[in-house]
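Before any comments, here is the structure.
Every number here is computed from the coordinates shown, using simple stated rules; none is lab data. The shown structure was predicted, so the numbers you read here are calculated from the model rather than taken from an experiment. Cβ atoms come from the backbone with ideal geometry, glycine included; neighbour counts cover every protein chain shown.
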Amino acid sequence: LIQSGAGVSIEASGGLGPAFVNELSELLNEFRFVVLKNGPKSLEDAVELMRQFGPINEAETRKQGAVMVEDKLEDEAEVFRSRFALPLHKDGVLTGFDVVTVGIYCAAFTEVEGGRTYVSDAMRALAEIPPEQVESLRSNGLEGMAVDSTGYYREEYEGVWHPFPAFKAKAGCEPTLNIGLPPEEGEPASWQVRVAGVEKEESDAILGSLRRWLLADEYTYFHDWKEGDLVLMDNYQVLHGREAWSGRARQLANIQVLSAPV
Ligand SMILES: [Fe+2]
């Protein structure tokens, strides 16, 4: 689906049993993300499918194994589950969960303008970033601050800058980007991120390069949702984000497979 070689789209034909899960798992290894069209018939089926990949995140904030991202919020200031854009990120950075695989399931998508989810082939795009910027990122690390106070993000990030490494390795693998980009100018923020220990200009330059290359055409795929679609992503290889939307109903479920049960 992306020029860089990431992403493949398949139709779910037949059942979603173990043989199909094997096929999905091999595709995920090879292509880093998989778009499954006409997938699970319900959210419950989507969670059960994801459960075959490993332990599902069923923390207090994730009832029935999923977080619903829609626009019926009690707290109107919340950005995370809203109709506002969410910048490119890896799941788990500010929540502290070690998320190996992310599944996003489309439960409803009716008369919506915008609202695409996009996926960046992040580790390939990183090869385009000036080496001194990558080195600064690696050696200084990042700092993040949670702006939404929904209970999703870890307490130590709430309203204060908290350090975290810009790269993180899955067991037995090379470290990969561990990042959420800051919101664009004028966009409501769910979080803020900066490069630690450097002047604002340097941080802005590095994050600007990242934004430019991570979102370059040759490294990015934009998904137009249809009900029943399930997008599976290797959370250590690709990053994802969403566009703002308006219109009637957009209901996506975020399902996370963890490295180990919590
Ligand atoms: Fe996410």
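Rounded to the nearest 10 degrees, the angle from helix 200-214 to the longest Cα principal axis of the chain is 30 degrees. Here the Gaussian network model covers the chain, with springs between Cα atoms less than 10 Å apart; of P188, P131, P165, P131 fluctuates the most.
Couplings 3J(HN,Hα) of segment 166-183, computed from phi: 7, 10, 8, 9, 6, 3, x, 10, 5, x, 10, 4, 10, 8, x, 6, x, x Hz, in residue order, whole Hz [Karplus 6.51 cos²θ - 1.76 cosθ + 1.60, θ = phi - 60°; x for Gly and Pro]. Quote the relative contact order of the chain in percent (integer), defining contacts as alpha-carbon pairs under 8 Å separated by 6+ residues. Computed value for the chain: 38 percent relative contact order. Rg of the Cα atoms in segment 58-126, relative to 2.2 N^0.38 Å, amounts to 1.25. In order along segment 96-108, the phi-based Karplus estimate (6.51 cos²θ - 1.76 cosθ + 1.60, θ = phi - 60°) of 3J(HN,Hα) comes to x, 8, 8, 8, 8, 10, 10, x, 10, 10, 9, 8, 7 Hz; Gly and Pro are listed as x. Kirkwood analysis of segment 145-197, using all unique Cα-Cα pairs, places the hydrodynamic radius at 12.5 Å.
With q set to 0.08, 0.14, 0.18 Å⁻¹, the log10 of I(q)/I(0) for the chain, from the Debye formula over equal scatterers at the Cα positions, is -0.29, -0.96, -1.67. Per residue of the chain, the DSSP helices (runs of n ≥ 4 H) give a summed -39500 (n - 2.57) that works out to -6000 deg cm²/dmol at 222 nm.
Would you compute the Debye intensity of segment 171-262 from its alpha-carbon atoms alone, equal scatterers and no solvent, and pass along log10 I(q)/I(0) at q = 0.10, 0.15 Å⁻¹ to two decimals? So the normalised log intensities are -0.38, -0.85. Taking every Cα-Cα distance in segment 4-98 and sorting them into 5 Å bins from zero, the calculated P(r) comes out as 2, 10, 16, 20, 21, 17, 9, 3, 1 percent.
Taking amide H as placed 1.01 Å from N in the peptide plane, V100 has its amide H under 5 Å from the amide H of V257, L258, S259, each at least 5 places away in sequence or on another chain.
Looking at segment 145-250, the GluC sites (Glu not before Pro) that sit in a DSSP loop and have at most 16 other Cβ atoms within 10 Å of their own Cβ are E184, E185, E199, E227, E243.
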